[in-house]
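Each reported figure results from applying straightforward, stated rules to the coordinates on display, with no laboratory input. For clarity, every value in this text was computed on a predicted model and none was experimentally measured. Glycine gets a Cβ as well: all are built from the backbone with ideal geometry, and neighbour counts include every protein chain shown.
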Amino acid sequence: MNMKIKTTVSIMVFALMGTWAFAQTKFNIGPSYILGLTSIYGSKTSGNMSGMNTGSSMSSMTHGAKTSLGAGLRSEYFLNEKIGISLNAGYMQRGAKFDMDMADYSPRYRFSYIDIMLGAKYRTKKLIGKSKLFFSLGGSQHTLINAYRVNSYNAVNIMDDMQMVDWGAFAGVGIDIPVFSKDVLQVQVLANSGFKSVFGGVMEMNGMQGKNILYGLQVSYLLGFKKKESETK
C-alpha cells in the first residue's frame, strides 16, 4: 500500500509540474532513459544465527556488476541562467552478479525499483556552440517493487528478505544541447549510492549487508515552452 501511495504521489507531482509548464519559459520536462552498471557492495557476518551474535566475524561480500536499464520522466526548472532544480522519477533495474560457488550456472540478484531523484543543477556558460556543461547533486528515494535471486534454472522471489525503501545520494556531470530553440537533448553521466542495506528478513538476520550502487549514462529529451504573447509585449 505504501508503495502505491508513493508512486501515485510522484505521478501527481509530475502532472502538476507539466500543467504549470505551459506558463513557464524556464521549465523543461520529458522522457529519460538510463543505461547503467549496478552492484551491491557490503559484507556478511559469519556465525550469526537468528540475529544473535555468537562470536561472529565480518567478511567482505563482493558482487560483480550487472547491466541495468531504467526509464521515466525528468523535469527541470531554472531559477536563473545557471542554477536550477531537477526532478527525476521512473523505473530502474538494479542488482548484481555474484560468485558461482562451484556451480555450473551464473546466479545473480535482480531488483526493480521506482526511483525518485531530487537535486540541484549548476549550468556553465556556452561550451561548444550553444551547448552547456552542467553539474548535478542531490538525494534519491528507491521503492522496491520486486526482487529475485536468479540462475540458469529458476528465479526465487526474495521480497520477504528485502528492505522495501532505500535512500541515497547522486552526483552527475553532463551536457545540455539545445534543439529547435526551446527543447533540450541532455546527456549525463551519473553515480548513485544507497545509504541503507537492501537486505532484510532472514538475510539480514544471517548477517547479509549490502548497498545499492549505480553508475549510468542518462539520456533525456526535455520539452521547452515558449512565452505567451502577453508575456512578450
| If the limit is 30 Å between Cα atoms, which of Lys132/Lys196; Lys82/Lys196; Lys66/Lys121; Lys66/Lys125 go over it? | Lys132/Lys196; Lys82/Lys196; Lys66/Lys125
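Test of understanding: ordering Val184, Val165, Val198 by Cβ neighbours within 10 Å, fewest first, what list do you get? Could you put the intermediate results ahead of the total?
On the way: Val184 20, Val165 13, Val198 28.
Exposure proxy ranking, most exposed first: Val165, Val184, Val198.
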| Once you list every other residue whose beta carbon is under 11 Å from the beta carbon of Ala155, what net charge do they have if Lys and Arg are +1 and Asp and Glu are -1? | +3
